[in-house]
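Visitor: A single structure is presented below for examination.
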Amino acid sequence: MKLRNTNNPNRNIVHFDLDSFFVSVERLLNSDLNGKPVIIGGTSDRAVVSSCSYEARQFGVSSAMPMKLARTLCNEAIIIRGDMDQYSKYSKIVTEIISEKAPVCEKASIDEHYLDITGMDKFFGCLKWTKELRETIIKNTGLPISFGLSVNKTISKIATGEAKPNGELQVPENYIKPFLSPLSIRKIPMIGKKTYHVLRSMGISKIETLSNIPIEMMERLMGKNGIVIWEKANGIDLTPVKPYSERKSISTERTFETDTTDVAALNDIIVTMVERIAFQLRKKQKLTSCISVKIRYSNFDTHTLQKHIPYTSFDHILIKAARELFEKLYQRRMLIRLIGLKLSHLVGGNQQLNLFEDTPEMTRLYQAMDAIRLRYGTASVKRAVGVG
């Protein structure tokens, strides 16, 4: 089997990760929470844990755990319902600081960034530069943040995990193997519960063991994913840092055969459009923090209005925002020729806002609808207003 080229040892890739981000923001707003076990999530027993402090983790509490179990494990924990408005605000502040300093920055999620600082060692020294950037973030936000620095995204991300909490770690090219070998295979990005159990059933627990398995066996076992996992176990990752751009978006628009002023019908169309592109958003495992509505009148005058919102991928939140924008935008009561919708400021990540609710029903509803759409097509499930 022909393998891809190995790493470029001249690359310098940084991974920044805000430590217990939601908890850290809450502590920034309320210093009484410092040093205490804190759990972010819904407040009823039926809710689940969205995030927790290191003090709570010592009792066995973890993200996505049922709140009832978390309370049992740590009955002294302070339970806080999440505030996505505040988390989105601080996430954007950190992104702005990094974007101003780094030559290439990729916002991987609400609390993670990758930086390609290749070549900067000629001028500043990459480790020194990264340390100074970390200090700048901490000084300007008050939030703890960790980083890993190495030759690719996989190693830098694993290094960040080892540096936590609130630490820093550089893994040079010649130290990658000794660094990875003793670590659990859980540390490899993209190894989820299912893959972990498959590998453990084969007696594989350490990265060193996984790295020594023939790549052909991994391919037979897991297909292309098996090759990628094997490469990561061997410290190989050619994935580039993709420049973060606020222009990244998902959009849709509709031009009418006959110009219209039917506000009720236009609102129904907006709902259908939101439903369609929000599904695309979730399928790509993205969140949006900006929604735009565009209308074009019969005389071709075009007007657009946008609104910044907390990170989300839920229809019901986006529908409400879209309708509010349309109501503000459509003031002239002229015939409308076109209506458009755009979701921008996208970042990677699963919907976490639901974890602040007291019941999991809404999450399950979206998961069920999306599963049906993935199997039978995007039009197989829709709100009643879109059936016509």
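Visitor: Filter the stretch 60-86 down to the residues that are in a loop (DSSP other than H, G, I, E, B) and not acidic (Asp, Glu) and list them by number.
Guide: Taking the stretch 60-86 first, the residues in a loop (DSSP other than H, G, I, E, B) are 60-65, 74-77, 81-83.
Once the filter is applied, which keeps residues that are in a loop (DSSP other than H, G, I, E, B) and not acidic (Asp, Glu), the stretch 60-86 yields Gly60, Val61, Ser62, Ser63, Ala64, Met65, Cys74, Asn75, Ala77, Arg81, Gly82.
Visitor: Within the stretch 175-209, how many residues turn out to be over 15 Å from Trp230 (Cα atoms), loosely packed, with under 15 Cβ neighbours inside 10 Å and not charged (D, E, K, R)?
Guide: 6
Visitor: Is there any pair linking a residue in the stretch 310-323 that is in a helix (DSSP H, G or I) to one that is surrounded by fewer than 23 Cβ atoms within 10 Å (Cβ to Cβ) and hydrophobic (A, V, I, L, M, F, W, C), with Cβ under 6 Å and at least six apart or on different chains, and which?
Guide: Going by the 6 Å Cβ cut-off, the qualifying pairs are Ile319/Val271; Ala321/Ile309; Ala322/Ile270.
Visitor: Would you mind stating whether Thr6 is surrounded by fewer than 21 Cβ atoms within 10 Å (Cβ to Cβ), modelled with pLDDT of 90 or more and either over 20 Å from Asn140 (Cβ atoms) or not charged (D, E, K, R) (or both)?
Guide: Against the criterion (surrounded by fewer than 21 Cβ atoms within 10 Å (Cβ to Cβ), modelled with pLDDT of 90 or more and either over 20 Å from Asn140 (Cβ atoms) or not charged (D, E, K, R) (or both)), Thr6 does not qualify.
Visitor: If you don't mind, there's one more thing I want to ask. Out of the residues in the stretch 164-220 that are of a type in the set (Asp, Glu) and assigned to a helix (DSSP H, G or I), state the one that is modelled with the highest pLDDT.
Guide: From the stretch 164-220, those of a type in the set (Asp, Glu) are 168, 173, 208, 216, 219; that's our starting set.
Applying the additional criterion that residues be assigned to a helix (DSSP H, G or I) yields 173, 208, 216, 219.
On the way: Glu173: 93, Glu208: 96, Glu216: 93, Glu219: 93.
Only one residue tops the list, namely Glu208.
Visitor: So in the stretch 127-151, with the set limited to residues that are surrounded by fewer than 24 Cβ atoms within 10 Å (Cβ to Cβ) and touching an Asp or Glu at 6+ places or on another chain (Cβ under 7 Å), which one is nearest to Glu231 (Cα to Cα)?
Guide: Within the stretch 127-151, the subset surrounded by fewer than 24 Cβ atoms within 10 Å (Cβ to Cβ) is 127-129, 131-144, 146, 151.
The next check asks that each one be touching an Asp or Glu at 6+ places or on another chain (Cβ under 7 Å); those that pass are 131, 134, 144, 146, 151.
Details: Lys131: 29, Arg134: 29, Pro144: 31, Ser146: 25, Val151: 14 Å.
Here the residue is Val151.
Visitor: Tell me whether the stretch 11-20 contains one or more residues that are of a type in the set (A, V, I, L, M, F, W, C), out of contact with any Asp or Glu (no Cβ under 7 Å at 6 or more places or on another chain), surrounded by fewer than 22 Cβ atoms within 10 Å (Cβ to Cβ) and at pLDDT 95 or above.
Guide: no
Visitor: Next up: Report yes if some residue within the stretch 94-101 is touching a Pro at 6+ places or on another chain (Cβ under 8 Å), crowded, with 18+ Cβ neighbours inside 10 Å and β-branched (Val, Ile, Thr); otherwise report no.
Guide: There is no residue in the stretch 94-101 that is touching a Pro at 6+ places or on another chain (Cβ under 8 Å), crowded, with 18+ Cβ neighbours inside 10 Å and β-branched (Val, Ile, Thr).
Visitor: May I pose another question? Can you tell me how many residues in the stretch 100-139 are of a type in the set (Ser, Thr, Tyr), in a loop (DSSP other than H, G, I, E, B) and either within 24 Å of Ser20 (Cα to Cα) or at pLDDT below 90 (or both)? First the steps, then the outcome.
Guide: To start, the set of residues in the stretch 100-139 that are of a type in the set (Ser, Thr, Tyr) comprises 109, 114, 118, 130, 136.
Adding the requirement that they be in a loop (DSSP other than H, G, I, E, B) leaves 118.
Now drop any that are not either within 24 Å of Ser20 (Cα to Cα) or at pLDDT below 90 (or both), which leaves none.
Qualifying residue count, the stretch 100-139: 0.
Visitor: Looking only at the stretch 38-74, count every residue that is under 17 Å from Glu26 (Cα atoms), at pLDDT below 85 and not small (Gly, Ala, Ser) and tell me the total.
Guide: Number satisfying all stated conditions: 1.
Visitor: Looking at the stretch 225-240, which of its residues are of a type in the set (A, V, I, L, M, F, W, C) and surrounded by fewer than 17 Cβ atoms within 10 Å (Cβ to Cβ)?
Guide: Leu238
Visitor: Tell me, yes or no, whether the stretch 216-224 has at least one residue that is surrounded by 18 or more Cβ atoms within 10 Å (Cβ to Cβ) and either more than 22 Å from Asp19 (Cβ to Cβ) or acidic (Asp, Glu) (or both). Steps first, please.
Guide: Of all residues in the stretch 216-224, those surrounded by 18 or more Cβ atoms within 10 Å (Cβ to Cβ) come to 218.
Next, only the ones that are either more than 22 Å from Asp19 (Cβ to Cβ) or acidic (Asp, Glu) (or both) stay: 218.
Yes - at least one qualifying residue is present in the stretch 216-224.
Visitor: Does the stretch 27-54 hold any residues that are outside any strand (DSSP E or B) and touching a residue at least 60 places away in the same chain (Cβ under 8 Å), and which are they?
Guide: Passing the criteria: Leu28, Gly42, Thr43, Ser44, Arg46, Ala47, Tyr54.
Visitor: Look at Val293 and say whether it is over 20 Å from the mean Cα position of the chain (by Cα), part of a helix (DSSP H, G or I) and modelled with pLDDT of 90 or more.
Guide: no
Visitor: Further, regarding this structure: Conditions: (1) assigned to a loop (DSSP other than H, G, I, E, B); (2) within 20 Å of the chain's Cα centre (by Cα). Ser156 meets all but one. Number of the miss?
Guide: (1)
The values are calculated or read from the model by the stated rules, or taken from the named source; none is laboratory data. Values in this document were obtained by computation on a predicted structure and should not be read as measured data. Note: ideal-geometry Cβ built from the backbone for every residue, glycine included; neighbour counts use all protein chains shown.
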